[in-house]
Amino acid sequence: VTRNNRPSEVRFSAATDIAAAPEAVWWVMTDVAREPEWMAAVGVATFAGDVQGYEVGARMRRQARFLWIDMSWESEIVRYEADSVIVFKHVGGALNGESRWSVTPTAGGCRVVLESDGPAPGPLAWFPALAAAGGRAGLKRDLARLKRLVESLA
Amino acid sequence: MTESFVGKPFVLAAAFLAAATVAAAQMPSADEKALLDTCMSAEDSNDAFCRCGIEHYKTNLTELEFSIVAELSRRIARGQPAGFESVAAELAVPTADREAAFTHIAEAAQTAAKICDPLIERMSGL
């Protein structure tokens with residue numbers, strides 16, 4: 001803990017139902033080049049290191065803008081089950097903690113849940129309520145874009 | 001009769017002064033305004049949520065600590081580095097007082113999150 005960046009835990013999530021098979025949603029979510037199309041905060045997402053695909057141990061680097069803050073961070077995939085769940089552990093840069101993407105089948109298609117928890121990034125540690133609200137709103141919009149994108153491809 | 005004639009303007013003046021004092025007390029300070037502007041500029045933020053946070057900081061922090069929070073928010077909104085130490089130095093917080101101020105603000109930030117976060121959740125339907 002340093003005075004310049006005191007961790008202040010925030011947790012937020014958002015969910016949506018999409019009228020498409022889990023595999024179709026998963027295909028879009030795991031197309032790394034396509035990630036900025038539905039995850040608005042993310043400007044660039046790339047694999048870093050030897051493993052160039054979604055699997056446990058792969059490392060990813062993202063550049064993003066959250067609220068007013070430009071940030072970049074590196075994550076390691078610590079859990080991967082195709083068409084179902086990915087858990088990213090943020091291991092370097094502006095973010096710490098974990099993010100999870102999960103897709104579960106439903107009668108009309110599938111339900112997608114995005115979750116994130118960890119310290120509020122950078123100076124937002126001083127305004128954790130704002131960080132959580134911004135994060136939740138961002139995830140909700142991301143899911144709306146993902147839903148449109150997947151349904152337009154169906 | 002004379003007494004009430006003399007007393008009336010005095011009472012009116014006192015009432016006017018009291019009203020002006022209340023109005024002045026309700027006028028947001030530059031620090032409050034800075035916090036409100038920063039909070040409201042965030043997407044999906046709303047007035048009740050922002051005022052909740054500001055009120056919590058204002059009630060629980062000293063004037064100097066509140067100024068630190070406001071300056072941190074100004075810097076965040078401008079995209080400038082917003083470290084506690086540099087803000088404390090700029091506001092001439094004595095070095096010996098910084099640890100206590102830091103801890104106090106961090107505690108206020110945590111409780112503000114607990115109190116105000118459900119408010120935005122309810123209001124925006126997020």
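The numbers here are math on the coordinates, done by the rules we state, and not lab data. Please read these numbers as outputs of a predicted model, since none were measured by experiment. All Cβ positions, glycine included, derive from the backbone under ideal geometry; neighbour counts span all protein chains shown.
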Open item on the list: For peptide A:130-140, what's the mean number of Cβ atoms from other chains within 10 Å of each residue's Cβ?
Closed with: 6
Task: Inter-chain shielding of A:119-127 (mean C-beta neighbours from other protein chains, 10 Å cut-off) - done: 6
TODO: Compare the Cα positions of B:48, A:122, A:12 along the charge dipole of the protein assembly as shown (+1 at Cβ of Lys, Arg; -1 at Cβ of Asp, Glu; about the Cα centre) and return the one farthest towards the positive end.
DONE: B:48
Task: Along each principal axis, Cα extent of the protein assembly as shown, largest first, Å - done: 92, 46, 25
Task: segment A:1-149 - Debye-derived log10 I(q)/I(0), Cα point model, q = 0.13, 0.22 Å⁻¹ - done: -0.56, -1.55
Open item on the list: Neighbour counts of other C-beta atoms within 10 Å: give me A:88, B:102 arranged from fewest to most.
Closed with: B:102, A:88
TODO: Any lysines with Cα under 30 Å of the residue B:33 Cα? List them, leaving off those in the same chain fewer than 8 positions away.
DONE: A:140, B:58, B:114
Task: Sparsely packed GluC sites (Glu not before Pro) within segment B:24-110, loop by DSSP, other Cβ within 10 Å at most 16 - done: B:43
TODO: Calculate for the protein assembly as shown the 222 nm mean residue ellipticity that helices alone would give, adding -39,500 (n - 2.57) per DSSP H run of length 4 or more and normalising by residue count, nearest 500 deg cm²/dmol.
DONE: -17000 deg cm²/dmol
Open item on the list: So if I place +1 on the C-beta of Lys and Arg and -1 on the C-beta of Asp and Glu, and nothing else carries charge, what would the dipole magnitude of segment B:31-126 be about its Cα centre? I want it in debye, nearest 20.
Closed with: 120 debye
Task: Distant-in-sequence amide H partners of residue A:120 (H built 1.01 Å from N, under 5 Å) - done: A:8, A:9, A:10
Task: For segment A:110-119, Karplus couplings with θ = phi - 60° (6.51, -1.76, 1.60), whole Hz, Gly/Pro x - done: 7, 10, 10, 10, 10, 9, 8, 8, x, x
Open item on the list: Using the Cα centre of segment A:1-79 as the reference point, and only Cβ charges (+1 on K/R, -1 on D/E), how large is the resulting charge dipole? Debye, rounded to the nearest 20.
Closed with: 460 debye
